[in-house]
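Readers should treat all values here as calculations from the given coordinates under stated rules, not as data from a laboratory. Please read these numbers as outputs of a predicted model, since none were measured by experiment.
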Amino acid sequence: MLKFSQSVVSGSSVLVSMFPGTFTPGDIDVYVSDVFKTSVLGFLFKNGYSRVKLVYPWIQRAEIIEVYELNNDAGQKVNVIVSVGKAVLPILRFHSTSVMNYISYHGVVVLHRLTLARIGIKNLPSDSVSSRTKQCYAKYEQRGFRILDRTEDVHVCEVDSDCLQTARSLFDKHVEHFIFPAHQAEDDCRLRQEEAGIMRWRSAAASNCAGLSAEKHGFYICDDKSRGERISYLILRYNTLSDSLTLVFEA
Ligand SMILES: [Zn+2]
């Protein structure tokens, strides 16, 4: 299903696959572009998830259109998060780097290596952390993760992967990609291009690590070829000012 619908699994269930036995996830989160929403819901119906509830996004966000909650008779739950663009787009706005991971049909992709050391850096400026998000941080700390405002290490700002000022890419050398055996002969970057042709971001907490340029705002950009050639979603200055969503059409 993940392959034909270009969807990914993300959220805490990915951490369980990386650190078995750490905790028991209550559900599985599937992220899908609205282009493939019907396919994913249809697949889950066929596989016994008959009870469906449309729940609105728990946080009003420009990149999430809808959230569906599906249950089967065994009491298992799958959440389907429908993105306005590529399935991976909402992952760039997760509350900390520790959850910026996903499982695709070809493997497990970890956007921040510190996750492997059970360290997460907050992806929100300190004045934008809600009480709900603080509860999330506490939950992950109970699960054995350290959640930090910024990396503790001495580092080169705007260069090192752990610096909040560093602009990152899905295709840079800091991404960890654990490829499933059936795809190990394939190029890792080409496999990740299944998720997005362009995926770049700077942490929303960029101001927590003031480098030379001291840019205060994060950003993320992600293409969406499913809607036509060369459409990108560019979202600027998120979390510090009101969100803005701009469609960029290239000639
Ligand atoms: Zn820095």
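Among DSSP beta bridges whose residues both lie in the range 25-164, state the antiparallel percentage, nearest 5.
Details: 17 of 26 bridges.
In the range 25-164, DSSP labels about 65 percent of beta bridges as antiparallel.
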Quick one: compute the contact order of the chain, relative version, from alpha carbon pairs under 8 angstrom and 6+ residues apart, as a percent.
15 percent
If you count the DSSP beta bridges with both ends in the chain, what percent of them are antiparallel, to the nearest 5?
85 percent
Counting only residues 5 or more apart in sequence or on a different chain, those whose built amide H sits under 5 Å from that of residue 164 are 151
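So what's the chain giving for Cα Rg divided by 2.2 N^0.38 Å, two decimals?
Working: Rg = 17.7 Å, N = 251, 2.2 N^0.38 = 18.0 Å.
Normalised Cα radius of gyration, the chain: 0.98.
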Residue with peak Gaussian network fluctuation, the chain [Cα springs, cutoff 10 Å], from 163, 222, 189:
189
Mind listing the long-range amide H neighbours of residue 120? Cut-off is under 5 Å, sequence gap 5 or more, other chains count too, H placed in the peptide plane at 1.01 Å from N.
146, 147, 148
If the reach is capped at under 20 angstrom between alpha carbons, list the lysines near residue 122, excluding any in the same chain fewer than eight residues apart.
134, 139, 216
Given the options 140, 102, 220, which has the most mean-square fluctuation in a GNM of the chain, springs set between C-alpha atoms less than 10 angstrom apart?
140
With a 10 Å cut-off between alpha carbons and a GNM built on the chain, which of 120, 48, 218 moves the most?
48
